[in-house]
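Have a look at the structure below before the remarks.
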Amino acid sequence: DAVQAALLELAPAYAPLLTRDACERIAKQRPIAGKSVKVNRLYHENSVLIGDAGHTMLNNLGQGANSALEDVGLLLDELESVSSREEIPAALKRFSDKRVKDVHAATELSKQAFTISKALPSKLNLLLYTWTYLAFQKLHRLAPSIATLKPWQWTVNQDSHVSYTQVVESKSFQSNVALFVAALTFFVSGGMIATIGSLCWNGLVSV
């Protein structure tokens, strides 16, 4: 009863949907901390989803409120030209079409923020992530005009004009560079060790 009363107070328009059975099922749900939410569209008729209602993400990026404010700005842009109630669904569809891909990118970014590759163990991922971040910091200071060298962590927090989709592309590029350098280092080191071992063995044999 308490859940039903609270929901009816917050959203009286949804009273037909807030049956006792539905409210009981809501009350039994576990919190979704540590999980994310993605939907294939952000509207239905005259209703629209923004913020966590449409794209719950993990809190490690600190982008939940920022992405919600972006939602509001983009939604207002689409609603400015609306002159009648009948035009609202079309405006909401335009908003959803423009926004859904980017909020999906934000959600995925929050899930993979500290991961270089899913195939790597967690400790190796963390080590390589830290190395990559520090390396691109130095590279960016050497060549600040090259956008791809700016750590993606800086971009997502400093450059509001850069979309989450672009940030994901930047993260992917930097992660791939890190994997390439790590693999190259591994093979070169392995080759050097093999060469040294071979020389030592040949020296022992000749003695």
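Quick look at the numbers
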item	result
Qualifying residues in the range 90-116 (those that are open to solvent by less than 30 Å² (accessible area, probe 1.4 Å) and among the hydroxyl-bearing types (Ser, Thr, Tyr)) - the one nearest to Leu149 (Cα to Cα)	Ser110
Test: residue in the range 156-170 that is in a loop (DSSP other than H, G, I, E, B), farther than 19 Å from His55 by Cβ and modelled with pLDDT of 90 or more	no
Given (1) in contact (Cβ under 8 Å) with a residue 24 or more places away in the chain; (2) surrounded by 15 or more Cβ atoms within 10 Å (Cβ to Cβ); (3) over 18 Å from Ala119 (Cα atoms), number of the condition Asn157 does not satisfy	(2)
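The values are calculated or read from the model by the stated rules, or taken from the named source; none is laboratory data. These numbers were taken from a predicted model, which means no experiment stands behind them. Glycine also receives a Cβ, built like all others from the backbone with ideal geometry; neighbour counts cover every protein chain displayed. Please note that ligands, DNA and RNA were not included when accessible areas were found on the heavy atoms of the full protein model with its side chains. Shrake-Rupley method; radii C 1.70, N 1.55, O 1.52, S 1.80 Å.
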